[in-house]
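The values are calculated or read from the model by the stated rules, or taken from the named source; none is laboratory data. Everything numeric here is computed off the predicted structure, so don't read it as measured data. All Cβ positions, even for glycine, are placed from backbone atoms using ideal geometry, and neighbour counts span all protein chains on display. Calculation scope for accessible area: heavy atoms of the full protein, side chains included, ligands and nucleic acids excluded. Shrake-Rupley method; radii C 1.70, N 1.55, O 1.52, S 1.80 Å.
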Amino acid sequence: MTGPFVPLRQVVLKVHSRCDLACRHCYVYEHADQSWSSRPKVISEEVVSQVALRLAEHARNHELASVQVILHGGEPLLAGPTRLRHICRTLRTALDGVSALDLRIHTNGVQLSESYLDLFAEFDVRVGVSLDGDQAANDRYRLFASGRSSHDKVLKAIDLLNQARYRHLFAGILCTVDVRNDPIAVLDALVATQAPRVDFLLPHATWDTPPPRPDGAVTPYADWLLAVHDRWTDRGQPMPVRLFDSVVSTLGGGPGLTESMGVESADVVVIETDGTYEQADSLKTAFDGAPVTGMDVFRHGLDDVARHPGMTARQHGVDGLSEQCRSCPVVRSCGGGLFAHRYRGDGTGFDNPSVFCMDLERLVRGLDARTSAGADRPIDGFDALAEGVHDERALRTLSRARRAVMRELLSDLNEEQGSLDGELWGPAWQLAIELGRADGAPLEDLLSHPYVRTWAVRCFDGRALTGDLASHVAAAALPAGLADRVRVPVCDGFVHLPGLGRLRVREGFTSLDLTYPQVSGSAPGWEPLRRVRAEGMDVVLDDVDPHRDCFGGPVSGRLRDEEVEQWRHLLPQSWALIRKALPETASAMAKGVRFVTPLAGPVDSELVQHGGGFAALGLPLDSDPVRMAVDLVRGFRLGLLDVLLDVCDLYDEADVRTGRLLADTYARVATDALRCEPGAAHRTRGQWEELTSAASLTALGRRFVDGIGRGL
């Protein structure tokens with residue numbers, strides 16, 4: 001089978017082929033392939049220059065927006081700061097103006113020092129560290145050749161990374177699973193490191209050299225990981241865990257987030273210290289020579305490597321898996337497991353399920369049951385949402401999905417841009433971590449605020465300040481009594497507390513230490529948000545949030561008291577119409593909608609998504625209660641779709657026309673009951689019929705459109 005051409009976007013560059021630890025589970029030194037022993041210890045400047053040339057050539061030819069290079073080993077720090085500086089400078093220079101370079105290093109951490117971190121800060125190199133948990137877990141394998149523990153040195157390295165000046169470099173921790181270790185102790189130890197993210201790796205094994213299964217347990221690795229997940233959940237999910245996030249993403253119809261699970265095409269190549277190209281390092285566990293390509297950077301370009309049969313074998317998705325895998329109901333989530341783990345030396349090669357097959361299936365089903373992500377249904381309540389049945393289960397699912405997306409966004413923001421507002425970001429990030437550990441789920445309130453996502457997304461392209469995190473954290477921490485004061489930014493003479501209001505401050509301040517008495521009751525300068533209540537409805541009029549302008553229409557400024565009274569008079573009238581014509585929708589809105597943002601003009605009718613999700617609606621004040629009711633229901637439906645599109649691919653987003661048609665049809669199915677216009681239902685059905693023939697709909701999108709049809 002000939003695979004599609006997939007450009008290589010990730011390079012694992014071996015800069016040193018030896019290690020200062022003697023880990024007994026290391027696939028490089030302890031498994032079948034022993035090619036390391038014949039390679040140069042340190043990568044030469046000539047090889048580095050040629051690697052940079054090949055990578056820039058490949059990125060330019062395929063117009064790659066970004067490429068990732070991971071400095072690896074052995075132990076890459078053994079290359080020394082002088083050689084590492086040359087490598088970083090050469091790569092950055094070669095890719096400048098060609099493609100964004102995501103430069104990383106993965107280390108055991110024992111030699112990490114301030115001099116190395118200063119170097120990495122200079123070249124923006126993210127640092128990943130290997131740590132298997134508490135000292136008992138880590139000392140099972142990660143020892144010096146003398147048998148001495150490396151645990152204390154790794155913790156010192158992590159303490160350095162957690163210093164404010166280096167924290168933005170901390171990429172996360174890789175932890176290899178050993179089922180003999182206490183999963184609770186391992187998770188607690190990893191949480192204590194304050195790592196921005198964690199990934200759990202199954203130990204490398206094949207059918208010929210299967211993994212240990214103490215006491216004959218059938219699925220010990222799944223049981224261990226599910227115990228970790230339960231503890232992680234109990235502790236408020238204090239940091240993203242890539243393995244769990246990947247499974248939940250694929251259960252929801254999204255992409256896999258890790259090479260070890262999911263069916264995405266492989267786009268990584270390894271370059272050894274002598275300049276030879278190899279396939280994924282994990283193949284070293286299969287047989288001697290398994291990763292070999294026969295190519296090198298002096299004679300071959302990356303296009304040649306991308307066409308190698310061993311590379312294309314991992315680019316067929318589900319079709320490239322074994323027959324047993326293709327018929328498995330959880331294949332979209334497990335993806336057949338890591339390619340190397342499928343090997344069997346009986347002539348079948350890699351045409352097998354993973355040696356962890358039973359563990360992977362139990363893990364996927366266990367996470368499905370715990371998260372309601374739904375292996376047979378993209379997300380729990382998906383079909384009900386499509387049909388317009390807004391049951392409580394579906395709203396809970398979407399709320400959970402939005403919080404998960406927000407957690408990931410904030411984590412990415414911390415990695416990529418948190419250092420830009422160091423004075424405010426660092427303390428605010430630490431307080432956010434504390435919120436995640438506190439009773440009463442104050443962090444969940446922060447993640448659920450509808451305009452936090454708008455702010456976070458804008459930070460990535462420079463349209464918002466990352467220091468505003470302090471305002472969001474203060475809004476959660478101060479009322480809950482979890483902080484006496486929080487340093488917050490001042491913008492245009494105001495401190496904004498999302499969901500609460502704003503505080504007018506004297507001129508000349510760019511930031512200040514805020515306390516709760518300053519933003520409560522009738523404190524001087526405090527302008528609280530006002531509420532509108534009616535039978536079954538209780539919403540906040542948000543007329544001050546700096547990021548509320550996400551509805552495709554101009555927002556109103558701070559409302560005068562008489563304008564607030566107009567809202568309190570007209571909004572309940574529209575709400576009464578919704579309760580009468582669409583009682584089920586009204587019930588869902590009562591549970592989900594928390595904010596209404598007054599607009600100064602109409603919403604763009606071609607808007608595909610509303611940035612506030614369904615928790616916030618934006619609409620202009622209208623003397624006609626029917627028009628306001630239509631605006632409310634339309635906004636709610638578009639908000640539901642907004643959150644759903646966070647976790648489910650329904651159509652090719654390049655097809656803007658289909659996106660607009662989907663959004664408008666989904667909204668019209670609900671609002672037709674309010675419009676009472678002749679022919680409205682007929683026009684909506686016509687739109688739906690046009691939508692059913694859209695070529696850019698995914699299989700999941702067609703299922704959603706079919707559900708809309710059932711609701712007509």
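Assorted remarks:
- Taking strands (runs of 3 or more DSSP E) as the structural unit, those lying wholly within the range 526-602 and holding at least 2 residues that are surrounded by fewer than 21 Cβ atoms within 10 Å (Cβ to Cβ) correspond to 526-528, 530-534, 537-541.
- Residue within the range 635-644 that is open to solvent by 40 Å² or more (accessible area, probe 1.4 Å) and not small (Gly, Ala, Ser) present: no
- Hits in the range 287-300 (condition: in a loop (DSSP other than H, G, I, E, B) and open to solvent by 10 Å² or more (accessible area, probe 1.4 Å)): Phe287, Asp288, Gly289, Ala290, Phe298, Arg299, His300
- Any hit, the range 622-632, residues being at pLDDT 90 or above, in contact with a strand residue (DSSP E or B) (Cβ under 9 Å, 6 or more places away or on another chain) and either outside any helix (DSSP H, G or I) or within 14 Å of Gly553 (Cα to Cα) (or both): yes
- The range 361-406 - residue that is open to solvent by 40 Å² or more (accessible area, probe 1.4 Å) and among the aliphatic types (A, V, I, L, M) and, of those, modelled with the lowest pLDDT: Ala404
- Pairing each residue of the range 186-215 that is part of a loop (DSSP other than H, G, I, E, B) with any residue that is among the basic types (Lys, Arg), provided the two are 6+ apart or on different chains, yields C-beta distances under 7 Å for Arg197/Arg242; Thr206/Arg344; Trp207/Arg344; Asp208/Arg344.
- Filter result for Gly612 (in contact (Cβ under 8 Å) with a residue 40 or more places away in the chain and either closer than 20 Å to Ala384 by Cβ or in contact with a strand residue (DSSP E or B) (Cβ under 6 Å, 6 or more places away or on another chain) (or both)): no
- When the range 327-337 is filtered for residues that are within 27 Å of the chain's Cα centre (by Cα) and open to solvent by 20 Å² or more (accessible area, probe 1.4 Å), the ones remaining, listed by number, are Cys328, Pro329, Arg332.
- Residue that is closer than 24 Å to Arg142 by Cβ, open to solvent by 50 Å² or more (accessible area, probe 1.4 Å) and in contact with a Cys (Cβ under 8 Å, 6 or more places away or on another chain), where the choices are Leu190, Leu201: Leu201
- Applying a threshold of 6 Å to beta carbon distances and a minimum spacing of six or more residues, or different chains, the list of pairs starting in the range 224-248 at a residue that is of a type in the set (Lys, Arg) and ending at one that is open to solvent by less than 10 Å² (accessible area, probe 1.4 Å) and assigned to a helix (DSSP H, G or I) reads Arg231/Leu187.
- Among the conditions (1) open to solvent by 30 Å² or more (accessible area, probe 1.4 Å); (2) part of a helix (DSSP H, G or I); (3) more than 27 Å from Arg299 (Cβ to Cβ), the only one that Arg54 does not satisfy is (3).
- Residues of the range 677-694 satisfying the condition of being in contact (Cβ under 8 Å) with a residue 24 or more places away in the chain and open to solvent by 30 Å² or more (accessible area, probe 1.4 Å): Ala681, Arg685, Gln687, Trp688, Glu690
- Selected residue (criterion: farthest from Gly366 (Cα to Cα)) from residues of the range 264-286 that are open to solvent by 30 Å² or more (accessible area, probe 1.4 Å) and modelled with pLDDT under 75: Ser265
- Where a residue in the range 55-66 is under 13 Å from Ala100 (Cβ atoms) and its partner, wherever it lies, is of a type in the set (Ser, Thr, Tyr) and open to solvent by 10 Å² or more (accessible area, probe 1.4 Å), with Cβ under 6 Å and at least six apart: Ala59/Ser99; Leu64/Ser99; Ser66/Ser99
- Test for Arg104: is it more than 17 Å from Val12 (Cβ to Cβ) and either open to solvent by 20 Å² or more (accessible area, probe 1.4 Å) or over 26 Å from the mean Cα position of the chain (by Cα) (or both): no
- Qualifying residues in the range 434-471 (those that are among the small types (Gly, Ala, Ser) and farther than 13 Å from His547 by Cβ) - the one modelled with the lowest pLDDT: Gly440
- In the range 342-360, residue farthest from Val248 (Cα to Cα) [restricted to those that are touching a Phe, Trp or Tyr at 6+ places or on another chain (Cβ under 6 Å) and assigned to a helix (DSSP H, G or I)]: Arg342
- Those residues of the range 119-154 which are outside any strand (DSSP E or B), out of contact with any helix residue (DSSP H, G or I) (no Cβ under 9 Å at 6 or more places or on another chain) and under 22 Å from Gln430 (Cα atoms), in sequence order: none
- Residue match in the range 678-698 (condition: on the phi > 0 side of the Ramachandran plot, among the small types (Gly, Ala, Ser) and not in a helix (DSSP H, G or I)): yes
- Taking the criterion of being part of a helix (DSSP H, G or I) and within 14 Å of Ser130 (Cα to Cα), the residues of the range 60-88 that qualify are Pro76, Leu77.
- Residue under evaluation Cys175, criteria (1) without any contact (Cβ under 8 Å) to a residue 24 or more places away in the chain; (2) open to solvent by less than 10 Å² (accessible area, probe 1.4 Å), criterion not met: (1)
- Candidates in the range 130-155 are the residues that are touching a residue at least 40 places away in the same chain (Cβ under 8 Å) and of a type in the set (Lys, Arg); of these, the one that is nearest to Pro196 (Cα to Cα) is Lys153.
- Residues of the range 643-656 satisfying the condition of being without any contact (Cβ under 8 Å) to a residue 40 or more places away in the chain and within 13 Å of Ala386 (Cα to Cα): Leu645
- Some residue of the range 324-339 being in contact with a Phe, Trp or Tyr (Cβ under 6 Å, 6 or more places away or on another chain), among the basic types (Lys, Arg) and in a helix (DSSP H, G or I): no
- Any hit, the range 264-271, residues being on the phi < 0 side of the Ramachandran plot and touching a His at 6+ places or on another chain (Cβ under 7 Å): no
- Residue satisfying condition, being touching a helix residue (DSSP H, G or I) at 6+ places or on another chain (Cβ under 6 Å), modelled with pLDDT of 75 or more and open to solvent by less than 10 Å² (accessible area, probe 1.4 Å), within set Leu413, Leu409: Leu413
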